[in-house]
Amino acid sequence: MKQVTRTQVRIPTDLMDWLKEQAKQQNRSMNAQLVELLNTVKQRAA
């Protein structure tokens with residue numbers, strides 16, 4: 001199992017609403033959607 005770190009972030013309401021909608025469309029939790037988005041950005045930056 002991958003090691004995970006718990007954290008809290010402050011996200012503007014409009015971005016949180018967008019994230020919730022994206023997660024719903026992809027049948028993911030908000031956390032899973034955020035991790036997916038961050039992994040995508042990380043891969044593009046490499």
If you check Val35 against the conditions, is it among the β-branched types (Val, Ile, Thr) and part of a loop (DSSP other than H, G, I, E, B)? no
Criterion (touching a helix residue (DSSP H, G or I) at 6+ places or on another chain (Cβ under 7 Å) and surrounded by fewer than 12 Cβ atoms within 10 Å (Cβ to Cβ)) met by exactly one of Gln22, Gln26, Gln8: Gln26
In this structure, is Val9 out of contact with any Phe, Trp or Tyr (no Cβ under 9 Å at 6 or more places or on another chain), part of a loop (DSSP other than H, G, I, E, B), on the phi < 0 side of the Ramachandran plot and of a type in the set (A, V, I, L, M)? yes
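Coordinate-derived values only; no laboratory data. Nothing here was measured: the structure is a model prediction, and the numbers come from that model. All Cβ positions, glycine included, derive from the backbone under ideal geometry; neighbour counts span all protein chains shown.
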